[in-house]
1. Looking at this model, which pairs from Lys84/Lys112; Lys16/Lys94; Lys47/Lys115 are more than 19 angstrom apart at the alpha-carbon?
2. Once fully extended, how much extra length lies between Arg17 and Arg85, figured as 0.36 nm per residue of separation less the alpha-carbon to alpha-carbon distance?
3. Spin-label point model (7 Å from Cα, Cβ direction): what's the Tyr133 to Lys112 distance in nm?
4. With all pairs of different alpha carbon atoms counted, what Kirkwood hydrodynamic radius in Å does the range 46-132 show?
5. Give, in nm to one decimal, the length gained when the segment between Lys126 and Ala62 is fully stretched (0.36 nm per residue of separation minus the Cα-Cα distance).
6. Which length gain, in nm to one decimal place, applies between Ala77 and Asp101 when the Cα-Cα distance is subtracted from 0.36 nm times their residue separation?
7. Using a cut-off of 10 Å between beta-carbons, work out the net charge of the residues near Leu86 (Lys and Arg +1, Asp and Glu -1, Leu86 not included).
Amino acid sequence: MDIPSKPKKKSHGFSKRQRLLKPGEFSRVFKAGKRLTTRNFLVYVLKHGRNEPGGRAEDEPAMNRLGVSVSSASGNAVARNRIKRLMREFFRLKRDAIFPDITADIVIAVKKSAKAADIKDYTGVKEELGILYGKAW
């Protein structure tokens, strides 16, 4: 007797493959990436591809990856973790719309002048990071 399979839903997860994890990956994006600034964030974007310097290995899938950097000047651990969660949530929900034509490593760093009180909720993060849409890379 065959058991009917459930239809597969589009994954909205945020796996380790979609994150920058190693210090060397962050350094490469900080040094070679293009920088955008907002009131509270610095956004570094480094396009990658198989034919570009620093490109991904052949066996790795091409996808946008995110790294988040929040300094201790932004608040206590609770506040810093909330900021990181809000930025990851923005990326998780909007990753396909941000760079539809390219793949890139993205690091979002909170400016030292930004405090946790300045970054209150997801709506504020979404409005401020909306600069990523429609940029010519």
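The numbers here are math on the coordinates, done by the rules we state, and not lab data. Treat the numbers as computed from the prediction; the structure is a model and nothing was measured. Cβ coordinates were reconstructed from backbone atoms using ideal geometry, including for glycine residues, and neighbour counts include every protein chain displayed.
1. Lys47/Lys115
2. Additional length available on full extension: 22.8 nm.
3. Spacing of the two 7 Å Cα→Cβ label points: 3.3 nm.
4. 14.1
5. Values: separation 64, 0.36 × 64 = 23.04 nm, distance 2.44 nm.
Here the answer is 20.6 nm.
6. Working: separation 24, 0.36 × 24 = 8.64 nm, distance 3.60 nm.
5.0 nm is the gain from fully extending Ala77 to Asp101.
7. +4
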